[in-house]
1. From the residues in region B:311-348 that are in contact with a Ser or Thr (Cβ under 7 Å, 6 or more places away or on another chain) and over 20 Å from B:A193 (Cα atoms), which one is nearest to ligand 8 (Cβ to nearest atom)?
2. From the list C:P73, C:P32, C:P57, C:P103, which residue is more than 16 Å from ligand 2 (Cβ to nearest atom), open to solvent by less than 20 Å² (accessible area, probe 1.4 Å) and not in a loop (DSSP other than H, G, I, E, B)?
3. Restricted to region C:76-90, and to residues that are facing chain A (nearest Cβ under 10 Å) and touching a helix residue (DSSP H, G or I) at 6+ places or on another chain (Cβ under 6 Å), which residue is surrounded by the most Cβ atoms within 10 Å (Cβ to Cβ)?
4. Quick check on this structure: which one of A:A287, A:A239 is open to solvent by 20 Å² or more (accessible area, probe 1.4 Å), among the small types (G, A, S) and away from chain C (no Cβ under 14 Å)?
5. I'd like to verify a number: residues in region C:129-143 that are away from chain B (no Cβ under 11 Å) and either within 16 Å of ligand 1 (Cβ to nearest atom) or part of a loop (DSSP other than H, G, I, E, B) (or both), how many?
6. Taking the residues in region C:163-174 that are touching a residue at least 40 places away in the same chain (Cβ under 8 Å) and touching a strand residue (DSSP E or B) at 6+ places or on another chain (Cβ under 9 Å) as candidates, determine which candidate is nearest to ligand 7 (Cβ to nearest atom).
7. Is it the case that region A:50-57 has a residue that's more than 16 Å from A:S90 (Cα to Cα), of a type in the set (G, A, S) and at pLDDT 90 or above?
Amino acid sequence: MPKIEWGILIVNYLFLGGLSAGIYFIAALATYLQEKDETAYARIARYGAMMAPWPVALGSLLLIFDLGNWWRFYKLFVHFRWQSPMSIGSWLLLLFTALTLVNFWAWLPEERRTALVARLRLPRWLDRDLAGSRRLLAAAGFPLSVGVAIYTGVLLGAVQARPFWNTNLVAQMFLFSALSTGCGVLILALSLNRKRLDATQLRFLYTLDICLITLEFFIVLPYLLHGELSVEAVRNSLALILGGPYTLVFWLLFMGTGLLVPLAIEVWEIAPALGSGAPLHHNRRLAALAAVLVVCGGYLLRYIFVYAGQLSSFSR
Amino acid sequence: MPVSSLDRRRFIQIAGAGAVAATQIGCGRHQIALGQRREIPTTCELCPNKCSVIAVVEDGLIRKLNPNPENPKSRGMLCARGNAGLLQVYDPNRLKRPLIRAGARGEGKWREVSWDEAFDYTAQRLSAVKEKYGPQGVLWSSTEAFAEVFFKNLGMAFGSPNIVRHPTLCLASVNLAYSMTFGTVPSFDLLNANYVIMAGANRFEALITPDTMDLIESTMNRKTRLVCLDPRFTVTASRADEWYPVKPGTDMAFILAMLHVIISEGRHDKEFVANYCQGFEQLAELVKQYTPEWAEKETEIPAADIVRIAREFSDAAPRAVFYAGRRSSTYQNDFQMRRAQAILNAVVGNWDREGGMVPNAKIALGEYMFLPWDDPQAPRVDEMEKNFPLAAKGDGAYLKLRENVLAGSPYPVKAWMILKQDPLNALPEQAKTMRMIEQMDFIAAIDIQMSDTTWYADVVFPESTYLERLDPIEVLSGIWPVVVLRQPVVKPVYDTKPCLDIVQGLARRLGLQQYFDYTIEQWNDAAVKELPLEMPLEYLKKHGVYTPPGGPKYGATLNPEHRFVTKSGKIELYSERLQEAGHDPLPVYQPPLGPPEGRFRLVLGRKAYYTHANSTSNPWLLDFAPENHLSINPAAAASVGVADGDMVEVSSSVGAVRLRARLTQEIRPDCVYMLHGFGKQSPWLKRAYHRGGSDAAILETAWDKVSGNAAMHETFVKIRKV
Amino acid sequence: MHDKRYALVIDSRKCINCKACVVACRAENQVPLGASRDWIGEEHRGTWPRLLAAFQPEQCHHCVNPSCVRVCPTGASYQRDDGVVLIKEEDCIGCRYCMIACPYNARFFREDKGVVEKCTFCAHRVDRGESPACVETCPSKVRVFGNLADPAGKLQQLLATRQFHVMKPQTGNDPQIYYLL
Ligand SMILES: Nc1nc2c(c(=O)[nH]1)N[C@H]1C(S)=C(S)[C@@H](COP(=O)(O)OP(=O)(O)OC[C@H]3O[C@@H](n4cnc5c(=O)[nH]c(N)nc54)[C@H](O)[C@@H]3O)O[C@H]1N2
Ligand SMILES: Nc1nc2c(c(=O)[nH]1)N[C@H]1C(S)=C(S)[C@@H](COP(=O)(O)OP(=O)(O)OC[C@H]3O[C@@H](n4cnc5c(=O)[nH]c(N)nc54)[C@H](O)[C@@H]3O)O[C@H]1N2
Ligand code: SF4
Ligand code: SF4
Ligand code: SF4
Ligand code: SF4
Ligand code: SF4
Ligand SMILES: [Mo]
């Protein structure tokens, strides 16, 4: 009977890494969609830039903390092993974290930046305006954030030994889930803003998230179908979520409250935009709820996959 | 000399992380030569097999024990226990220096004393008992060990007839049955047999060299047919070609029916019987009544199978053996059952031929000539002459002995000297052994750990462990016997001594030193003098074992001139001596009692990684079964409302223990089973202390009528969920 | 093809579950309690009295395509030319990815050292010309250790005359413990 080696720290890490990637990706998208030299969704872009570095930084710390020899973590960067998803991922993570920090800097208002440099006694040359590079940073972010989001899935999916994981659908699921959680956090940030609800920006996020959640559904279904039609070991491993210990979390919590409910709320929210002229329903509480549920769903997905996957194995 | 911290660290690694407290070894006399790796051959002591070992010693610490392939008996194997043996040396809870009891018996208050004080005190107490009750007032008990001879000699020189050894707890009935039939106890050539019937023995868990290895080799590679009779589905059963969950205590019916088939169909070896056996006609007459159909009712083995097995067995003869078994402390008719086996083996003529029963070959060791002492004046307290006139007198009959000691008849026995034995666990009915302990004025034990019995002693002599001492050179008997040496591979870590030193220390103070006026080296010199080697001792020190060239030899007794060491000089199918002693001269079947309604027969049996009651405190071994369970068939468990994992109370007329039930298909529904060696009372046995239950606490007292061998499968227990 | 390829041929039928190999390995390699580099898989089937019990010694299979080596991010897990898969303790960061990637659950984590450990085929003994501790000590000689690349060697002889299977061949690891049938 296989034991659980990767526990809640790794779940958190995969979730946080994906979350940052999602936030960054959406923010970059918002940055990239320009109208007349102006960022179309400036608030999303700024919020995203402000938030993106921290989950991944925290996640990386957790990962290091989870190591048997955390002080040896630098060895990850002494070697590059292209066959090891973790090696690729570590490098990706390093580059991506650096990028999120630079981007953060590029979006920091000038007074804040100057104050920070003074307070933290950072070298003077850091107090530089990078606003002009925002589009470039956004462009660089597309491959890196998608890479990080996919990598959290590939880390699991590349393990042949665990039939629960061993399909490329895991990487895609993790990617879309990561983007969706990023969306969720941004919706939450926008909807919590007391001053004003920006309908166009929210609608942009809702639309995006509805697409992402729908995509998730279209990955979960083939994942299950594929698995059921696959070899015995895979079928047996699916039993973990189809009648096994993770059934309830998977169906009720992940699929139900993590995907379906927020999807319904979001569709309802943008419904007016489809029909009558009103941009949105504009229910702040429901928006926040949907966002929180999306984020929780993303977390549960990691949780279920990390745990159930480790319990699955080939027999004989 | 204190041990450096570096070595402490290494030491902890050896004992397994966290298994040993680092502070426990800061003393002792052992010297460390850094950077040295030596390989020293010696002999295992963790069970009666005495396999040959090569100890790898690095920097003065035992790193590893490897098997020594030079020994054809142990043939390059070392079992789990043999591998774990090095922890005996480094066990922080082992006996480290002599102790004298300070509080009440069993209270656990000890005073560490010098060897002088321990000797003086013991000698004084023994002399007091001798003065009051005569030398017969001191009992000397021990279980087989190379140095047992010194201990026994001290008892005899002291003047006590009461030397009691372990055979009547173990194999006395099987030994007596084969001796009464063949005049000797043969070995079984399992390697070359084509057909083996193993009943009441579990050779793939109760390891015996070379039998275990021979049987695997022959059944798995040479396709020897193995038929197993056991109420439990043991590993042996699982490897057998046929397994019959025989009704307990009825094996004899199976054997008699086999004899019936073989004789009535004229399948016996007529020439062999005519030349070597006597009493065949009476036997043929007796077994007429024992039809396979009758046996089916007794044994629950189908008659057709009995007939077939009898035919196959006689067809395969003389490469066929009905294996004698080893622990025969089972039923009250065990002697007659083993006699039936011996007779079955004899009539198909599988004697002294390859693949059959073979008398053990001899290697003569020289003897050191010590002064003889006067024979003891008093008769034995177990009254062997009266109770078991045919049995081996020198070993005594343990259970009868305990009865008489408790009754104070024919005379009081008030002191108890114990070597390498744990009577509280080895004898059935622990409470009775406890009463025997209580009525003793004085008890001293020579052990390496604080066993349950040692816990109740007044003086504890710590013997050096087998890896720290030089023992008398011994012959391991068998078809291909060998000579083995046990030599120290490290110096004693603590203030301990080998048996001879302890015996001599006592002898000196008892005024018996003239009988022990030799060193172990002189003793061993004398022993090896006759070996056909140039420098026998040097050879043994280098090789650990001496194997006479040429391999097994067969047929020395197969000439009509040969006189068997029996009354008639023949193989006695019919025994006049048995008749004279008031026993059945031929094996007559006595059906066993069955369990009363709602009760279950408790059966015993070994596991490959434990020896008796003594290795459950070894962390490397305890790892495999941290406590014992009551194995019970689900059908039986349902009848008493017990589920898997339930805590149950198992009780008999003499005691009760608590342990968890484990439901298993691998046992008859009318039997239950538990592993020996748990439920320890000695807190020094930290890992086994109060874990599980002790079978000795619930086994009732019963013995085989002819040999006096304990009958340990005659207890019916009640099971109650608690 | 290298001129050396160490492998094991195991005749499970001969295994009597005596655990000698487990203790021998513990002693030889100072394996801490609570973990083992080798173990005996047990299978008990049937209802009384139709029963079956099988024992299967297991340990690292020293795969030809070791997934543990592939996923190791630091190169701590590596394979020697003779096929033996080892772990460089000083390069192991203790991420346990290799444990998850091993289809045979052959690896375990050492809390005391923060690194992963597993069967080494007793490379230190083998390099001295000895056999692995578990192989040597076994009363039944269940395991046969040797060089698979030697066409005249005992492994090739056994595999030529007996039927065999390997565990979990689907994983593509190409495990190098051959179980005789
Ligand atoms: N690992 C290990 N090996 C040992 C020892 C040890 O302690 N540990 N001790 C050594 C010693 S001193 C001895 S004496 C030998 C003992 O060697 P064995 O006599 O082979 O060992 P036991 O385990 O006592 O086997 C008794 C078997 O008889 C079965 N049995 C019980 N009642 C009946 C019955 O009525 N009929 C039949 N046919 N079977 C029955 C039991 O279920 C059990 O499996 O082992 C020696 N080898
Ligand atoms: N309930 C039950 N009772 C049984 C049996 C059973 O299976 N079940 N089996 C019976 C059989 S077959 C036998 S042979 C007997 C065995 O009975 P015992 O000989 O009493 O068996 P052990 O439990 O091995 O106890 C041996 C003692 O010797 C100590 N010892 C070990 N090594 C050394 C050493 O090097 N030097 C010294 N001085 N002491 C040492 C141990 O610490 C232990 O206290 O038990 C019999 N009694
Ligand atoms: S069978 Fe095991 S315990 Fe007994 S002597 Fe041999 S190695 Fe030692
Ligand atoms: S030592 Fe041999 S027989 Fe014993 S458990 Fe290991 S493989 Fe099986
Ligand atoms: S068995 Fe596991 S640990 Fe061993 S080489 Fe194969 S994948 Fe690696
Ligand atoms: S735990 Fe060590 S050996 Fe395993 S993958 Fe991580 S670094 Fe490599
Ligand atoms: S080969 Fe060595 S390391 Fe591997 S299981 Fe056997 S004894 Fe242990
Ligand atoms: Mo025994």
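1. Filtering region B:311-348 for residues that are in contact with a Ser or Thr (Cβ under 7 Å, 6 or more places away or on another chain) and over 20 Å from B:A193 (Cα atoms), the one nearest to ligand 8 (Cβ to nearest atom) comes out as B:S328.
2. Numbers: C:P73 fails: not in a loop (DSSP other than H, G, I, E, B); C:P32 fails: not in a loop (DSSP other than H, G, I, E, B); C:P103 fails: not in a loop (DSSP other than H, G, I, E, B).
Unique residue meeting the criteria: C:P57.
3. The qualifying residue surrounded by the most Cβ atoms within 10 Å (Cβ to Cβ) is C:S77.
4. On the way: A:A287 fails: open to solvent by 20 Å² or more (accessible area, probe 1.4 Å).
Sole residue among the options that is open to solvent by 20 Å² or more (accessible area, probe 1.4 Å), among the small types (G, A, S) and away from chain C (no Cβ under 14 Å): A:A239.
5. Residues of region C:129-143 away from chain B (no Cβ under 11 Å): C:129, C:132, C:143.
Remaining after also requiring either within 16 Å of ligand 1 (Cβ to nearest atom) or part of a loop (DSSP other than H, G, I, E, B) (or both): C:129, C:132.
Going through region C:129-143 one residue at a time, the tally reaches 2.
6. Step one: filter region C:163-174 for residues touching a residue at least 40 places away in the same chain (Cβ under 8 Å), giving C:164, C:166-168, C:171-174.
Imposing the further condition that a residue be touching a strand residue (DSSP E or B) at 6+ places or on another chain (Cβ under 9 Å) reduces the set to C:164, C:166-167.
Values: C:F164: 19, C:V166: 17, C:M167: 15 Å.
Applying the filter and picking the extreme gives C:M167.
7. Yes, region A:50-57 contains at least one residue that is more than 16 Å from A:S90 (Cα to Cα), of a type in the set (G, A, S) and at pLDDT 90 or above.
One line per residue, one yes/no per condition, for (1) closer than 27 Å to B:D670 by Cβ; (2) touching a residue at least 24 places away in the same chain (Cβ under 8 Å):
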{"residue": "B:A253", "(1), (2)": "yes, yes"}
{"residue": "B:L256", "(1), (2)": "yes, yes"}
{"residue": "B:L259", "(1), (2)": "yes, yes"}
{"residue": "B:E265", "(1), (2)": "no, yes"}
{"residue": "B:D269", "(1), (2)": "no, yes"}
{"residue": "B:A274", "(1), (2)": "no, no"}
{"residue": "B:C277", "(1), (2)": "no, yes"}
{"residue": "B:E281", "(1), (2)": "no, no"}
{"residue": "B:E285", "(1), (2)": "no, no"}
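The values are calculated or read from the model by the stated rules, or taken from the named source; none is laboratory data. The structure presented is a predicted model; accordingly, all values stated were derived computationally and were not measured. Backbone-built Cβ (ideal geometry, glycine too); neighbour counts: all protein chains shown. Please note that ligands, DNA and RNA were not included when accessible areas were found on the heavy atoms of the full protein model with its side chains. Shrake-Rupley method; radii C 1.70, N 1.55, O 1.52, S 1.80 Å.
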